[in-house]
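Accompanying notes for the structure given below.
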Amino acid sequence: MQALVPHLPTPDTVVSISAVAVHAGVSVATVSRVMNQQSGVRPATRDKVLAAVDALGYRMNHLARSLRTAESRMLLTMVPDVGNPFYAQIVRGIDTVARQHGYFVLLCDTGADEGRERSYFDLLRMRRADGAICLDPDTIQHALAHEAASLPWVACCEFDPSVAVPYVGIDNHRAAADAVGHLLERGHRRIGLINSDERFAYARQRQRGYLDALAGAGIAPDPRWRRTVASLDYAAGTQAVLEMMAQPDAPTAIFAVSDTLAIGVLSGLRQLGKRVPEDVAVIGFDDIDIAAQIDPGLSTIAQPMRALGETAARLLLQRLADPQAHVPGVLLDHQLVLRGST
């Protein structure tokens with residue numbers, strides 16, 4: 001006797017939730033609870049439903065769901081510069097967790113402009129987005145602090161613990177001190193700093209880590225060894241190091257607060273005929289992909305970029321699931337990565 005084989009849909013067939021229920025041998029209500037991640041379903045039953053979903057190729061109708069629940073299933077990710085490769089892995093982490101929970105991600109380039117950020121937050125106010133993850137400067141975030149309780153958003157990388165907003169980041173002060181401490185261990189005493197716009201909390205914190213590390217070694221920092229740049233692009237790092245190296249008693253080592261700046265520093269030192277690390281050592285911050293590919297490889301502070309994004313998304317989903325719950329801030333670990341530039 002020939003075994004009966006369940007009919008599976010063709011690629012063009014629209015699979016209904018009822019078909020999933022029949023295939024799994026459960027009720028439509030049970031399938032709905034599983035797909036909406038609600039409690040009250042036994043693990044074995046949940047596995048049967050998910051197996052049926054995979055077998056039939058069922059996809060939730062998010063538009064219909066949003067009309068029923070007044071949810072958009074949209075999360076905003078606001079970054080100050082989408083051209084900076086540092087943000088790419090963070091956004092991927094956010095997107096991975098969001099998709100696992102049935103959300104879409106809208107990437108918003110704010111240009112670190114308060115007006116543009118406010119316009120994106122209007123999407124939250126009008127319920128055209130369910131929540132937001134903000135990577136903009138903490139100075140801009142402060143302008144929205146009074147809405148921390150009423151609007152569901154979390155801070156990523158940039159945060160102020162005094163603002164009642166869940167956050168994820170690293171200890172920038174300690175990470176910068178670790179970077180400068182490595183240069184000190186290599187015997188350097190004239191250590192330069194190429195810093196970013198101090199509107200950003202990370203720029204202020206990393207500068208403080210640099211200064212504290214020098215003070216701990218009994219070194220009085222020379223203001224001529226410091227440059228503040230308006231952007232994090234490669235050209236900014238190149239221009240800063242050309243200026244820094246043109247002065248008497250120029251630094252023998254340079255700490256740049258981002259890898260993009262540090263790579264620009266390497267370019268500027270090549271223009272000057274300086275050998276790295278023999279004449280000038282260089283260390284960056286972030287550990288973007290290209291840091292390991294250039295010659296010499298760039299020593300740097302590695303941030304767990306993908307984990308930052310994943311954690312930010314989970315914190316936001318916690319806040320969406322229970323707006324009244326206390327969602328704590330999270331600090332992730334950094335790592336000192338040593339390559340040929342030091």
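The values are calculated or read from the model by the stated rules, or taken from the named source; none is laboratory data. A quick note: this is a predicted structure, and the numbers were derived from the prediction, not measured. Cβ sites come from the backbone with ideal geometry, for glycine too, and all protein chains shown count toward neighbours. Areas reflect the complete protein model, heavy atoms only, side chains present, ligands, DNA and RNA absent. Shrake-Rupley method; radii C 1.70, N 1.55, O 1.52, S 1.80 Å.
The set of residues from the stretch 202-224 being hydrophobic (A, V, I, L, M, F, W, C) and at pLDDT 95 or above comprises Ala203, Leu211, Ala213, Leu214, Ala215, Ala217, Ile219.
Looking at the structure I just gave you, is Tyr167 in contact with a strand residue (DSSP E or B) (Cβ under 6 Å, 6 or more places away or on another chain) and more than 20 Å from Arg314 (Cβ to Cβ)? No; evaluated as a whole, the condition is false for this residue. Here Ala321 qualifies as hydrophobic (A, V, I, L, M, F, W, C), more than 19 Å from the chain's Cα centre (by Cα) and open to solvent by 10 Å² or more (accessible area, probe 1.4 Å).
Name the residues in the stretch 156-165 that are open to solvent by less than 10 Å² (accessible area, probe 1.4 Å) and in contact (Cβ under 8 Å) with a residue 60 or more places away in the chain, would you? Hit for the stretch 156-165 is Cys156, nothing else.
If you scan the stretch 107-146, which residues turn out to be free of Cβ contacts under 8 Å to residues at least 40 places away in the same chain and either over 24 Å from Glu198 (Cα atoms) or of a type in the set (A, V, I, L, M) (or both)? Listed by number, the residues that qualify are Leu107, Asp122, Arg125, Met126, Ala143, Leu144, Ala145. Within the stretch 172-189, does at least one residue satisfy the condition of being at negative phi, open to solvent by less than 10 Å² (accessible area, probe 1.4 Å) and assigned to a loop (DSSP other than H, G, I, E, B)? The answer is no, given that none of the residues of the stretch 172-189 is at negative phi, open to solvent by less than 10 Å² (accessible area, probe 1.4 Å) and assigned to a loop (DSSP other than H, G, I, E, B). Every test in (1) buried (at least 19 other Cβ atoms within 10 Å of the Cβ); (2) within 22 Å of Ala307 (Cβ to Cβ); (3) modelled with pLDDT of 85 or more is passed by Gln141 save one, and that test is (3).
Every residue in the stretch 158-195 that is more than 17 Å from the chain's Cα centre (by Cα) and under 30 Å from Val327 (Cα atoms), please.
Passing the criteria: Pro161, Ser162, Val163, Ala164, His173, Arg174, Ala176, Ala177, Asp178.
Ala155 passes every criterion in (1) farther than 30 Å from Ala281 by Cβ; (2) outside any strand (DSSP E or B) apart from (2). Listed by first and then second residue, the pairs linking a residue in the stretch 316-342 that is more than 27 Å from Val257 (Cβ to Cβ) to a residue that is acidic (Asp, Glu), with Cβ atoms under 8 Å apart and 6 or more places separating them unless they lie on different chains, are Leu320/Asp130.
For the stretch 190-201, a residue qualifies if it is outside any loop (DSSP other than H, G, I, E, B) and at pLDDT below 95, and exactly one does: Ala201. The numbered conditions (1) crowded, with 16+ Cβ neighbours inside 10 Å; (2) out of contact with any Asp or Glu (no Cβ under 8 Å at 6 or more places or on another chain); (3) under 23 Å from Asp138 (Cβ atoms) are all true for Met78 except (2).
Out of the residues in the stretch 94-133 meeting the condition of being within 14 Å of Leu317 (Cβ to Cβ) and hydroxyl-bearing (Ser, Thr, Tyr), tell me which one is surrounded by the fewest Cβ atoms within 10 Å (Cβ to Cβ). Among them, the one singled out is Thr96.
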